[in-house]
1. Does any residue in the range 133-160 that is under 20 Å from F90 (Cβ atoms) come within less than 7 Å, Cβ to Cβ, of a residue that is open to solvent by 40 Å² or more (accessible area, probe 1.4 Å) and among the polar types (S, T, N, Q) six or more places away or on a different chain, and which pairs are these?
2. Within the range 149-176, count every residue that is open to solvent by 60 Å² or more (accessible area, probe 1.4 Å) and part of a loop (DSSP other than H, G, I, E, B).
3. Taking the residues in the range 179-221 that are among the aromatic types (F, W, Y) and surrounded by 13 or more Cβ atoms within 10 Å (Cβ to Cβ) as candidates, determine which candidate is modelled with the lowest pLDDT.
4. Residues N85, N33: which one is surrounded by 14 or more Cβ atoms within 10 Å (Cβ to Cβ), of a type in the set (S, T, N, Q) and out of contact with any strand residue (DSSP E or B) (no Cβ under 9 Å at 6 or more places or on another chain)?
5. Within the range 1-91, considering only strands (runs of 3 or more DSSP E) that don't extend past its boundaries, which have at least 1 residues that are under 25 Å from D194 (Cα atoms) and in contact with a Pro (Cβ under 9 Å, 6 or more places away or on another chain)?
6. Of the residues that sit in the range 96-148 and are surrounded by fewer than 16 Cβ atoms within 10 Å (Cβ to Cβ) and at positive phi, which one is modelled with the highest pLDDT?
7. Please go through the range 99-118 and give me each residue that is over 19 Å from S15 (Cβ atoms) and acidic (D, E), ordered by number.
Amino acid sequence: YPNFILGEDNYLYASTADLAGGQLKKLNSVGENILPVQPYGERAVKTGGGEADPVFADLTVDARGILTAIDSVSARVYQYDPAGNLLTVFGGKGSGKGYLSSPRAIAQDSGGSLYIYDANLNTIQVYRPTAFLESVHRAVALYDGGEYDKAQAAWEEVLSTGGSYSLAYIGLGDACYKNEAYEEAMEHYYTARDEAGYAKAFSKYRYRWFKENFLWAVLAAAAIAAAFLTAGRLLIRLSARFERLYLSTIGEKRTDGKEGK
């Protein structure tokens with residue numbers, strides 16, 4: 001563990017070099033990681049050529065459980081919501097304002113400002129969230145607090161500013177799912193190309209449809225079965241009738257043949 005911090009929610013947030021198990025972890029009181037096991041960050045091009053995996057030198061977490069981590073390889077800053085969804089990426093290699101060379105430590109104040117220490121430049125840069133990102137943070141906090149109607153309205157506000165922000169569609173899908181509006185949730189998940197979310201909502205939608213239409217489905221199935229049974233009996237009778245007609249025709253022809261001889 002290169003670094004760790006105790007959040008206000010009493011979870012231990014830590015950065016590791018465990019690529020297979022996820023480099024960022026949220027540990028409960030018995031040491032179990034409850035963040036999704038997935039790659040965090042992005043592979044970066046090294047100075048001498050080739051690519052290198054991210055190395056998270058430090059991390060911080062706010063009162064809403066939003067985690068921010070600095071990658072010392074790419075000099076990028078990654079921010080994730082409590083479910084491990086990527087919210088934003090900023091920073092990157094450079095010496096200008098907003099860029100970083102070798103970030104080594106990060107801290108955060110109650111107003112949401114981030115303080116990042118750069119070892120090579122010997123500076124501390126201060127980052128404040130934009131109005132758009134503040135809207136995203138508000139939507140995340142509302143959903144995490146169980147206020148799904150307000151979260152849905154907040155995500156719609158995010159989309160009105162940035163219509164291509166796919167996480168907003170996922171957030172809308174999650175809010176609709178919690179409100180049992182499964183068909184609407186499926187539409188949002190489909191827009192976000194979230195296959196797992198779509199499958200989850202579709203499963204609930206299908207179950208509810210069968211539950212609400214069970215009697216009609218049974219009656220329809222019985223009607224179809226009765227129709228097939230009636231059609232089968234009718235075909236058997238028609239087949240027997242055609243068979244008798246065919247045999248009687250053959251008999252008449254044979255009789256005619258004998259009389260002709």
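The values are calculated or read from the model by the stated rules, or taken from the named source; none is laboratory data. The structure displayed is predicted, hence computed values, not measured ones. Reconstructed Cβ throughout: ideal geometry from the backbone, glycine too, with neighbour counts over all protein chains shown. Each accessible area value is taken on the protein alone, full model and side chains, heavy atoms only, with ligands, DNA and RNA left out. Shrake-Rupley method; radii C 1.70, N 1.55, O 1.52, S 1.80 Å.
1. S135/T161
2. Summing the residues that are open to solvent by 60 Å² or more (accessible area, probe 1.4 Å) and part of a loop (DSSP other than H, G, I, E, B) in the range 149-176 gives 1.
3. Looking at the filtered set, the residue picked out is W209.
4. Working: N33 fails: out of contact with any strand residue (DSSP E or B) (no Cβ under 9 Å at 6 or more places or on another chain).
Step by step, each of N85, N33 is checked, and only N85 is surrounded by 14 or more Cβ atoms within 10 Å (Cβ to Cβ), of a type in the set (S, T, N, Q) and out of contact with any strand residue (DSSP E or B) (no Cβ under 9 Å at 6 or more places or on another chain).
5. Ranges flagged: 24-27, 67-71, 76-80, 86-91.
6. N122
7. D109
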